[in-house]
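The values are calculated or read from the model by the stated rules, or taken from the named source; none is laboratory data. Treat the numbers as computed from the prediction; the structure is a model and nothing was measured. Ideal geometry is used to build each Cβ from the backbone, glycine not excepted, and the neighbour counts take in all protein chains shown.
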Amino acid sequence: MEKQSTDTLMMIRPINFRFNEQTAINNYYQRVIDGIKPEEVKYKAVQEFDRFVEKLRAKKIRVIVIDDSEDTDTPDSIFPNNWISFHQDGRVGLYPMFAENRRIERRKDILRKLQQNYGLKISEIVDFTTYEAENKFLEGTGSMILDRPNGIVYAAISVRTDEKVLQEFCEKFDYKAVKFVAKQTVDNQRLPIYHTNVMMCVADNFAILCADAIDDEAERKAVIQSLENTGKEVIEISENQEHHFAGNMLQVKSIDGKSYLVMSGAAHQSLKDKQLKSIEKHCEIISSSLDTIEALGGGSARCMMAEVFLPKSS
């Protein structure tokens, strides 16, 4: 039986974090912060990252921290869940990335470290990156919300979430796709949301969903029905809350089996009392301020955590 949540995370400590012009083309959450120098941006990002890791470890969650490389221009390396996924059977997925400067985030030395330094077993690498030559992309667990025990993947189709690559993922990893289009209002236009994980999150017994982002009524009903059919309590958030990254959350476990829902400080503050009570029926909340990372990177807490389900080497 696949587990939905893990007690082990991999996170990349940033070195060259900054606003990435290549991703801003279709990531409408990114925004420039005026009057802040590059060195101050890097300093603030590292401070936010370190505080976040400290809070996770204080709750007995294993965090494998890998330093970004100083030799590469990788402004978004802090979001590793887009290029890699780890699975209980020892397989690792590598994914095709929209922005060219994000493709160099994929580092084989990280896989070696996980095996040699942390005693984790990698049985096979399932590589989807050849799709980059066809301009087809699937950005890991940014594009796909995995319901691992039920073998369902929720995917908002966009430039960064291609149906053909998604289908191959489903065939290789034995998942069934629930596909839909999610949109947000940008300058009075309804434009596709770049990653599914900004508008929904699936946990053991509940799901966070911005249903208002799914304009097509039939698609919206299909998503809610699928979640409810698998025993999830659906906790809906508004589009305004989604813009505060209230969909960008991840359930994790401590080494002694306690469940937590991890989110940013902004996401936490945006939630109403009723929503908080619904979440806290299931698990405790961990939140940390990620204001600089969210503004310039256009991603939040969930994007920073790559879930590690790999078995231990025997």
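If the condition is being among the hydrophobic types (A, V, I, L, M, F, W, C), under 15 Å from Asp147 (Cα atoms) and touching a residue at least 24 places away in the same chain (Cβ under 8 Å), then the range 160-191 contributes Leu166, Phe169, Phe173, Ala177, Val178. Cβ separations smaller than 7 Å between residues 6+ apart or across chains give the following pairs from the range 297-314 residues that are in contact (Cβ under 8 Å) with a residue 40 or more places away in the chain to residues that are acidic (Asp, Glu) and not in a loop (DSSP other than H, G, I, E, B): Ser300/Glu294. The criterion of at least 3 residues that are of a type in the set (Ser, Thr, Tyr) and more than 29 Å from Ser259 (Cα to Cα) is met by none of the strands (runs of 3 or more DSSP E) wholly inside the range 133-211.
Among the residues examined, Asp291 does not qualify as over 24 Å from Ala177 (Cβ atoms), without any contact (Cβ under 8 Å) to a residue 24 or more places away in the chain and surrounded by fewer than 22 Cβ atoms within 10 Å (Cβ to Cβ). Within the range 83-129, the only residue that satisfies the criterion of being closer than 21 Å to Met304 by Cβ, among the polar types (S, T, N, Q) and exposed (fewer than 13 other Cβ atoms within 10 Å of the Cβ) is Asn117.
When Ala222 is tested against (1) among the hydrophobic types (A, V, I, L, M, F, W, C); (2) assigned to a helix (DSSP H, G or I); (3) within 30 Å of Val46 (Cβ to Cβ), just one condition goes unmet, and that condition is (3). Scanning the range 104-114 turns up no residue that is within 18 Å of the chain's Cα centre (by Cα), modelled with pLDDT of 95 or more and not basic (Lys, Arg). Just one of (1) in contact with a strand residue (DSSP E or B) (Cβ under 9 Å, 6 or more places away or on another chain); (2) surrounded by fewer than 13 Cβ atoms within 10 Å (Cβ to Cβ) fails for Ala133. It is (1).
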